[in-house]
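S.K.: One structure is given below, represented as structure tokens, and several questions about it will come after.
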Amino acid sequence: MFDLIVVGAGVLGAFHAYHALKKGLKVALIEKDNAPQGATVRNFGQVIPSGMNEKWQAYGRESLAIYKEIHSTIDLTVRNQGTVYLASDAEEMQLIEELASINYSRSYPSILLSKPTCLGNFPGLRSDYVKGGLFFPEEITLEPRLMIHRLLNFMHAKMGLAYLPSTTVIACENNGSFVRSTTTSGKKLKSSKVLICSGSEFKTLYPAIFAGSDMEISKLQMMQTKPQAKSYQLPGSLLTGGSIRRYEAFQECPSYASIKKKEANDTLEKKWGIHILFKQAMDGSVILGDSHQYTDARNSDKLGFDLDMEIDQFMLQEAKAIIDLPTYDIAYRWYGTYAQCKNGELYEKTIDENIHIVTGIGGKGMTGSPAFAKENIEKLFNL
């Protein structure tokens with residue numbers, strides 16, 4: 001008999017399990033695959049509260065502390081090299097200056113960088129692109145595939161987690177005194193509560209609820225270069241003008257609405273939802289992207305499983321106009337998907353008082369999950 005069963009071992013589910021274990025609860029974490037395969041392991045590994053609205057920035061700032069605390073015990077691949085937003089024109093400069101003022105009022109450290117400072121700090125950055133930057137020194141990067149596996153192993157080995165990979169839950173039934181979760185193998189597990197954090201995969205358990213939700217799926221294409229020359233170091237997370245024009249944090253800036261009204265709607269950036277990001281991985285390669293294509297979650301197969309090479313070629317063209325890397329030879333290409341809500345910050349539904357769906361966190365997962373999960377565990381168990 002468990003206090004909590006969590007379905008889905010991605011970053012949102014894993015951190016719910018982590019905080020429940022820290023509170024002394026008996027926890028099982030169930031993952032349908034041999035290891036997480038979804039959005040958690042297919043992203044850049046950028047933890048950037050700076051890009052979020054006020055509410056989720058607060059979660060993100062607390063998440064930074066959680067990552068760093070765990071990293072002091074086990075190597076989660078945390079690198080505290082900061083995040084920079086690179087402005088390419090006067091409008092983007094205005095937005096980063098306004099965001100710097102907003103962050104000052106919230107006591108979140110950020111530093112405006114001059115063009116010469118940007119050129120000196122970020123090797124290969126093109127002088128004909130950058131006008132200035134806004135730097136967030138507290139933010140971190142991770143290697144997502146390593147991070148989640150090390151966290152799961154740590155919880156299993158040191159915190160008493162019952163981890164059940166390659167296990168699919170097909171039914172959850174509340175009989176009043178406990179919830180019975182049944183797997184495809186016929187195994188039945190009892191718990192006081194069940195938390196479903198399996199992205200759009202919760203349609204396996206609750207197809208009617210899934211079909212009636214406002215969830216949508218975003219498909220994102222990314223690339224990874226071959227390792228750069230050993231002498232080349234690109235620190236932290238680099239976000240560019242498209243990010244400034246897209247991210248929620250900048251929507252709080254006084255000039256944002258008027259600047260957005262001036263934008264053309266018939267560009268390839270708008271068509272494919274592209275803004276260019278860079279992050280150098282620990283092996284020296286550089287991850288770059290990304291694009292965003294959307295469809296209703298119940299029609300997710302419409303997005304297809306192919307990589308659109310026209311999108312990749314356009315992103316490479318745009319990236320080369322921003323940074324001259326020693327090599328743009330591509331070693332890997334892939335797409336990731338994440339679920340999000342059209343009209344809310346994430347999808348939450350209580351089936352009954354002891355079965356809860358919490359999913360659809362969208363692009364906020366890596367940054368916001370650790371702190372959100374902590375708060376949610378305290379709420380669900382009245383701790």
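The values are calculated or read from the model by the stated rules, or taken from the named source; none is laboratory data. Computed from a predicted model, the values in this text were never measured in an experiment. Ideal geometry is used to build each Cβ from the backbone, glycine not excepted, and the neighbour counts take in all protein chains shown.
S.K.: Assess whether H156 counts as being in contact with a Phe, Trp or Tyr (Cβ under 7 Å, 6 or more places away or on another chain), in the same structural domain as N43 (by TED's automatic domain parsing) and within 13 Å of A9 (Cβ to Cβ). Don't jump to the end; show me each part of the working.
M.R.: Working: in contact with a Phe, Trp or Tyr (Cβ under 7 Å, 6 or more places away or on another chain): yes; in the same structural domain as N43 (by TED's automatic domain parsing): yes; within 13 Å of A9 (Cβ to Cβ): yes.
Against the criterion (in contact with a Phe, Trp or Tyr (Cβ under 7 Å, 6 or more places away or on another chain), in the same structural domain as N43 (by TED's automatic domain parsing) and within 13 Å of A9 (Cβ to Cβ)), H156 qualifies.
Quick grid of which residues meet (1) closer than 23 Å to A373 by Cβ; (2) hydroxyl-bearing (S, T, Y):
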position	(1), (2)
H156	yes, no
A162	yes, no
T183	no, yes
V194	yes, no
K203	yes, no
Y206	yes, yes
I217	yes, no
M222	no, no
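S.K.: Output the residues belonging to the stretch 44-63 that are of a type outside the set (G, A, S) and touching a strand residue (DSSP E or B) at 6+ places or on another chain (Cβ under 6 Å).
M.R.: Passing the criteria: F44, Q46, V47, I48.
S.K.: Right, something else. Is at least one residue of the stretch 255-269 more than 23 Å from R126 (Cβ to Cβ), modelled with pLDDT under 95 and touching a Ser or Thr at 6+ places or on another chain (Cβ under 8 Å)?
M.R.: No, the conditions are met nowhere in the stretch 255-269.
S.K.: Can you find even one residue in the stretch 222-237 that is touching a Ser or Thr at 6+ places or on another chain (Cβ under 7 Å) and among the aromatic types (F, W, Y)?
M.R.: no
S.K.: Here's a check for you: in the stretch 206-259, which residue that is closer than 30 Å to L195 by Cα and of a type in the set (D, E) is nearest to the chain's Cα centre (by Cα)?
M.R.: E248
S.K.: Buried (at least 21 other Cβ atoms within 10 Å of the Cβ) and not β-branched (V, I, T): does that describe G24?
M.R.: Here the answer is no, as G24 does not meet what is asked.
S.K.: Can you name the number of the only condition in (1) at pLDDT 90 or above; (2) within 16 Å of G13 (Cβ to Cβ); (3) not basic (K, R) that N174 fails?
M.R.: (2)
S.K.: Any chance you could count how many residues in the stretch 321-369 are among the aromatic types (F, W, Y), surrounded by fewer than 20 Cβ atoms within 10 Å (Cβ to Cβ) and under 23 Å from the mean Cα position of the chain (by Cα)?
M.R.: 2
S.K.: Additional query: Looking at the structure I just gave you, is V47 within 22 Å of S218 (Cα to Cα) and outside the structural domain of W334 (by TED's automatic domain parsing)?
M.R.: yes
S.K.: Here's a follow-up. Just to confirm my filter: which strands (runs of 3 or more DSSP E) fall fully inside the stretch 1-112 and include at least 3 residues that are more than 20 Å from M366 (Cα to Cα) and out of contact with any Cys (no Cβ under 9 Å at 6 or more places or on another chain)?
M.R.: Values: elements: 2-7, 27-30, 83-87.
It comes to 2-7.
S.K.: Also: If I ask for residues that are farther than 29 Å from M315 by Cβ and of a type in the set (A, V, I, L, M), which ones from the stretch 335-382 would you list?
M.R.: The answer is I351, I355, I357, V358, A371, A373, I377, L380.
S.K.: Among I287, I323, I330, I311, which is the only one that is closer than 21 Å to K270 by Cα and aliphatic (A, V, I, L, M)?
M.R.: Only one candidate qualifies: I311.
S.K.: Residue check, S200 against (1) touching a residue at least 60 places away in the same chain (Cβ under 8 Å); (2) more than 22 Å from the chain's Cα centre (by Cα); (3) not assigned by TED's automatic domain parsing to the domain that holds E97, all met but one. Which one?
M.R.: (2)
S.K.: Separate question: Kindly provide the set of residues from the stretch 334-383 that are free of Cβ contacts under 8 Å to residues at least 60 places away in the same chain and polar (S, T, N, Q), ordered by number.
M.R.: Listed by number, the residues that qualify are T350, N382.
S.K.: Can you spot a residue in the stretch 347-361 that is modelled with pLDDT of 95 or more and part of a helix (DSSP H, G or I)?
M.R.: There is no residue in the stretch 347-361 that is modelled with pLDDT of 95 or more and part of a helix (DSSP H, G or I).
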